[in-house]
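J.: So that we are looking at the same thing, I have put the structure below in structure tokens.
The values are calculated or read from the model by the stated rules, or taken from the named source; none is laboratory data. None of the values given here were measured: they were computed from a predicted structure. Backbone-built Cβ (ideal geometry, glycine too); neighbour counts: all protein chains shown. For the accessible areas, the whole protein counts, side chains as well, though only heavy atoms, and no ligand, DNA or RNA atoms are used. Shrake-Rupley method; radii C 1.70, N 1.55, O 1.52, S 1.80 Å.
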Amino acid sequence: MESRERLSKILLFVFFSLLSLLVLLPFYAIAIASFKPGKELIRYGLNLQLDFSIMSLDNYVFLFSGQHDYFTWFTNSMLLTILQVALTLITSAAVAYGFTAYDFKGKTPLFICVLMIMMVPFEILLLPLYRLIFNLGLMNTYSSIILPGIASASTIFFFRQYLLGVPREMIAAGRVDGASEYGIFLRLILPVMKPAFAAMGILNAMGSWNNLLWPFMVLSNSSKFTLPIGLKTLLTPYGNNYDLLIVGSFFSIIPIFILFVMFQRYFIDGMTAGAVKG
């Protein structure tokens, strides 16, 4: 029996090691390409070949000292991601708390609506959402990017499932002690939700950081472009700046990588806890 368990552990280790290598190969390829001239990418594409005769730090020197708007785009994406994630987490947590802590008329139909929204692809909402933003006069503003995603259906669902595991007695104890409903939410519920916040924070940050389609539709001023839009503008019918594109793409991975490393433990705890509640 012990030999079978040991063999199964070895096989699982080998399997996940191979799976990790497959996942890391694209990152390795883009890291290698960031040290090569852009013309090599045009000729051979992304590859795993190390050729020290053509590899240099020229692309990184150009990234940090060249004449371009990369760090303007980077700053815009960073600001939008922080604002959108913070507002989404707070708003979605409040909605999920309402679904969990209170019994009110229409609670079940409203939650079914949340589930139905999760089933609708965003592309179907593009046209009516674009017309709404246009009629509100919010075109070419950061509000047009932040506001549509504040109440995320998937985040509300995850938080609601997570809060189902929080004892109702804790909320009742807060009320007995004289805490207001806002005080209970801010002082008792939010601290308990740290793992869930970490999990959804990382997922929402990735979505906001990599979002291209919607910002591309509502932003027209190049000084307000986000990083995905800015990198897209490097590829034009009149010329392609692959030197900046490849090193900029690799550099854009770093913030999300740092975020995941910092909150990895909470991310795993939050995902596993959210998966078993309900």
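J.: Please compute the per residue accessible area over the chain with all protein chains in place, 1.4 Å probe, rounded to a whole number of Å².
T.: 61 Å²
J.: Kirkwood hydrodynamic radius, the stretch 1-45, all distinct C-alpha pairs: what's the number in Å?
T.: When all Cα pairs of the stretch 1-45 are included, the Kirkwood radius is 13.1 Å.
J.: Something else now. If you take the alpha carbon radius of gyration of the stretch 114-170 and divide it by 2.2 N^0.38 Å, what ratio comes out, to two decimals?
T.: The reported ratio for this selection is 1.52.
J.: Another question about this same structure. For residue 194, go through the aspartates and glutamates and keep the ones whose alpha-carbon is under 18 Å away, minus same-chain ones fewer than eight residues off.
T.: Excluding near neighbours in sequence, the set is 269.
J.: Let me ask something additional. Give me the base-10 log of I(q)/I(0) for the stretch 171-263 at each q in 0.16 Å⁻¹, Debye formula, one uniform scatterer per Cα, rounded to two decimals.
T.: At q = 0.16 Å⁻¹ the computed log10 ratios are -0.80.
J.: Cα atoms only: what Rg and Dmax, in Å, come out for the chain?
T.: Cα only, the chain: 23.2, 73 Å (Rg, Dmax).
J.: Okay, next question. Cα centroid distance between the stretch 1-58 and the stretch 88-151, in Å?
T.: 39 Å
J.: Indicate the helices, whole DSSP H runs only, in the chain that combine a mean Kyte-Doolittle hydropathy of 1.0 or more with a Cα extent along their long axis of 30 angstrom or more.
T.: Membrane-span-like by this criterion, though nothing is claimed about a membrane: 2-33, 70-101, 242-262.
J.: For the stretch 159-201, what log10 I(q)/I(0) values come out of the Debye formula at q = 0.14 1/Å, with one point per alpha carbon and no solvent?
T.: After summing over all Cα pairs, the log10 values are -0.32.
J.: Excluding residue 54 itself, calculate the net charge of residues whose Cβ lies under 15 Å from the Cβ of residue 54, where each Lys or Arg counts +1 and each Asp or Glu counts -1.
T.: Neighbourhood net charge equals -1.
J.: For residue 54 and residue 180, compute 0.36 nm times the residue count separating them, minus their Cα-Cα distance, and round to one decimal in nm.
T.: 38.8 nm is the gain from fully extending residue 54 to residue 180.
J.: Summing Lys, Arg as +1 and Asp, Glu as -1, what charge do residues with Cβ under 15 Å from the Cβ of residue 33 carry, residue 33 excluded?
T.: Once all neighbours under 15 Å are counted, the net charge is -1.
J.: Over the Cα atoms of the stretch 94-252, Rg to Rh with Kirkwood Rh, two decimal places?
T.: 1.09
J.: If each of residue 69 and residue 27 carries a label point 7 Å out from its Cα toward its Cβ, how far apart are those two points in nm?
T.: 3.0 nm
J.: If you don't mind, there's one more thing I want to ask. Which value in deg cm²/dmol, rounded to the nearest 500, describes the helix-derived mean residue ellipticity at 222 nm for the chain, given -39,500 (n - 2.57) per DSSP H run of n ≥ 4 and division by the residue count?
T.: Rounded to the nearest 500, the figure is -22500 deg cm²/dmol.
J.: Note down the net charge around residue 185, summing +1 for each Lys or Arg and -1 for each Asp or Glu among other residues with Cβ under 15 Å from its Cβ.
T.: In short, +3.
J.: Next up: Kirkwood hydrodynamic radius, computed over distinct alpha-carbon pairs, for the stretch 55-172: how many Å, to one decimal?
T.: Roughly 17.6 Å, rounded to one decimal.
J.: With a 1.4 Å probe and all protein chains in place, put 181, 2 in order of accessible area, largest first.
T.: 2, 181
J.: Please work out how much accessible surface residue 58 shows to a 1.4 Å probe, ignoring ligands, DNA and RNA, in Å² rounded to 10.
T.: Per-residue accessible area (residue 58): approximately 110 Å².
J.: Give the accessible area for residue 122 in Å² (nearest 10); use a 1.4 Å probe, count only protein heavy atoms, and leave out ligands, DNA and RNA.
T.: 80 Å²
J.: State the percentage of accessible surface on the stretch 1-140 attributable to carbon and sulfur atoms; use a 1.4 Å probe and exclude ligands, DNA and RNA.
T.: Carbon plus sulfur share of accessible area: 72 percent.
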